[in-house]
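So the structure is just underneath, and the comments pick up after that.
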Amino acid sequence: MPRDELKVFSGTTHPELAAEICSYLKRPLGKASAFKFSNDNIFITINENVRDADVFIVQTSCPPVNDGLMELLIFIDACRRASAGRITAVIPYYPYARSDKKDQPRVPITARLVSELLTVAGADRVITIDLHAPQIQGFFSIPLDHLTAKHIVAKYFKKKGTENKVVLAPDVGSAHFVEKLADLLDLPYAVVDKRRTGNEERAVARGIIGEVSGKDIIFFDDEISTAGSLQDVVRLLKEEDAGKIYASCTHPVLCGPAIDRIKKLPIEELVVTNSIPIPQKKRLSNLTVLSLGSLLAETIKRVHHGESISALFR
Ligand code: R5P
């Protein structure tokens, strides 16, 4: 049964995306304010009644990551104490997603810790997109709707034409993730043989499994962070005499040296979603940003009305 009223609020990380969602839903953005005291403590006030309402809080992960996460937890707490009927955290890019396993002695599983923090704060449900590891879903004891941007990316590339193209997965672990995109485009796919040692941020690409020579490439990753992986992949593709290279990802983290690296790479286009806001200075001339607004809004609508989400991806 739907709760009384659907209300969408925005944290401070991605107001543009929250506005797109509200515009699709033809609803005003919920009134709330966030600020920091001089002692750096975050404070949230919800400036309208949310009693019994079906509340959705849009907050993605982007720098400063810890402030964004803390703000979301405080936002949830404020809604809970204001007697919201149900609280859904809409987190397009999940924080600490890469810290998802204990693969060395004495290291944390921060993605799991985040799931517990959200639950303890009072979230009843989470909506997120293209988790770095889909198994993160299992960290939650509350329902989590795991969406994908693949259909949006596929639609974009389909429009450009698929002749002589191959989809390329960044590593063996992502092959299944990328296979779906290849299916949607009715294209073959190849896989980068990439290996990581220890907690090195950078894994090394050693070769490509599959036929890429003479083909145009659609490289698709869950995220492009420092673009080190992309740099390696482009080098391998050039060694293999691949044709044009289109790089794409769901989450444009684009941190550290990413922009300088991408500028120097012979790629036709960088296609990303707006799961993370991209500041003007990072908007390269070959950047295309696809919006997740309607996907998230439609998901919110369906959650509110108790309708199927998986039907969106058939
Ligand atoms: C790795 O497992 C991910 O799928 C991405 O390939 C990785 O996060 C990209 O990072 P970077 O851009 O720093 O190489």
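State all residues of the stretch 117-162 that are within 15 Å of the ligand (Cβ to nearest atom), assigned to a loop (DSSP other than H, G, I, E, B) and hydrophobic (A, V, I, L, M, F, W, C); if no residue qualifies, say none. L131, A133, A149 - these are the residues of the stretch 117-162 that are within 15 Å of the ligand (Cβ to nearest atom), assigned to a loop (DSSP other than H, G, I, E, B) and hydrophobic (A, V, I, L, M, F, W, C).
Select from the stretch 163-177 the residues that are in contact with a Leu (Cβ under 9 Å, 6 or more places away or on another chain) and either modelled with pLDDT under 95 or assigned to a loop (DSSP other than H, G, I, E, B) (or both) and list them in ascending order. Of everything in the stretch 163-177, just one residue is in contact with a Leu (Cβ under 9 Å, 6 or more places away or on another chain) and either modelled with pLDDT under 95 or assigned to a loop (DSSP other than H, G, I, E, B) (or both), namely P170. Scanning the stretch 185-196 turns up at least one residue that is outside the structural domain of T13 (by TED's automatic domain parsing), within 15 Å of the ligand (Cβ to nearest atom) and not in a strand (DSSP E or B). Of all residues in the stretch 58-68, those satisfying the criterion of being out of contact with any Ser or Thr (no Cβ under 8 Å at 6 or more places or on another chain) and either assigned to a helix (DSSP H, G or I) or of a type in the set (D, E, K, R) (or both) are V65, N66, D67.
With the requirement that a residue be touching a residue at least 12 places away in the same chain (Cβ under 8 Å) and within 18 Å of I74 (Cα to Cα), what does the stretch 24-42 give you?
Of the stretch 24-42, the ones touching a residue at least 12 places away in the same chain (Cβ under 8 Å) are 24-25, 27, 29-34, 42.
Hits for the stretch 24-42 are G30, K31, A32, S33, A34, I42.
Looking only at the stretch 104-118, decide whether some residue is over 24 Å from I276 (Cβ atoms) and touching a residue at least 40 places away in the same chain (Cβ under 8 Å).
First pass over the stretch 104-118, keeping only residues over 24 Å from I276 (Cβ atoms): 104-107.
From what is left, the residues that are touching a residue at least 40 places away in the same chain (Cβ under 8 Å) are 104, 107.
Yes, there is a match, as at least one residue in the stretch 104-118 is over 24 Å from I276 (Cβ atoms) and touching a residue at least 40 places away in the same chain (Cβ under 8 Å).
Taking first residues from the stretch 300-314 that are free of Cβ contacts under 8 Å to residues at least 40 places away in the same chain and partners that are surrounded by 13 or more Cβ atoms within 10 Å (Cβ to Cβ) and not in a helix (DSSP H, G or I), the Cβ contacts under 6 Å between residues at least 6 apart in sequence or on separate chains come to R302/I309. Are any residues in the stretch 277-314 within 22 Å of F157 (Cβ to Cβ), of a type in the set (G, A, S) and not in a helix (DSSP H, G or I), and if so, which ones? Within the stretch 277-314, S285, S291 meet the criteria. Of the residues making up the stretch 119-137, those that are farther than 13 Å from I76 by Cα and in contact (Cβ under 8 Å) with a residue 12 or more places away in the chain are I127, T128, I129, D130, L131, H132, A133, P134, Q135, I136. Residues that are in contact (Cβ under 8 Å) with a residue 40 or more places away in the chain, surrounded by fewer than 13 Cβ atoms within 10 Å (Cβ to Cβ), among the polar types (S, T, N, Q) and under 25 Å from T60 (Cβ atoms): does the stretch 224-242 have at least one? The answer is no; no qualifying residue exists.
Residues that are farther than 25 Å from A149 by Cα and more than 12 Å from the ligand (Cβ to nearest atom): which strands (runs of 3 or more DSSP E) entirely in the stretch 201-276 hold 1 or more of them? Break it down into steps so the answer makes sense when it comes.
Details: elements: 204-209, 216-224, 245-252, 269-273.
In the stretch 201-276, 204-209 are the strands (runs of 3 or more DSSP E) which contain 1 or more residues that are farther than 25 Å from A149 by Cα and more than 12 Å from the ligand (Cβ to nearest atom).
Within the stretch 91-102, the residues that satisfy the criterion of being in contact (Cβ under 8 Å) with a residue 12 or more places away in the chain, at negative phi and part of a loop (DSSP other than H, G, I, E, B) are P92, Y93, Y94, P95, A97, R98, S99, D100, K101.
Going by the structure shown, is T250 closer than 22 Å to D183 by Cβ and of a type outside the set (G, A, S)? I'd like the intermediate steps shown before the answer.
Numbers: closer than 22 Å to D183 by Cβ: yes; of a type outside the set (G, A, S): yes.
When the stated conditions are applied, T250 passes them.
Of everything in the stretch 102-152, what is hydroxyl-bearing (S, T, Y) and touching a helix residue (DSSP H, G or I) at 6+ places or on another chain (Cβ under 8 Å)? Give them in sequence order. Let's see the steps before the verdict.
Residues of the stretch 102-152 that are hydroxyl-bearing (S, T, Y), as a first pass: 110, 115, 119, 128, 141, 148.
Once the filter is applied, which keeps residues that are hydroxyl-bearing (S, T, Y) and touching a helix residue (DSSP H, G or I) at 6+ places or on another chain (Cβ under 8 Å), the stretch 102-152 yields S115, S141, T148.
Here is the figure for the stretch 112-163: residues that are under 24 Å from I21 (Cβ atoms) and aromatic (F, W, Y) total 2. Taken over the stretch 111-163, the criterion of being among the charged types (D, E, K, R) and surrounded by fewer than 17 Cβ atoms within 10 Å (Cβ to Cβ) is satisfied by E116, K155, K158, K159, K160, E163.
Given the condition assigned to a loop (DSSP other than H, G, I, E, B) and touching a helix residue (DSSP H, G or I) at 6+ places or on another chain (Cβ under 6 Å), answer yes or no: does some residue in the stretch 69-87 qualify?
no
The values are calculated or read from the model by the stated rules, or taken from the named source; none is laboratory data. A quick note: this is a predicted structure, and the numbers were derived from the prediction, not measured. Note that each Cβ is placed from the backbone with ideal geometry, even for glycine, and that neighbours are counted across all protein chains shown.
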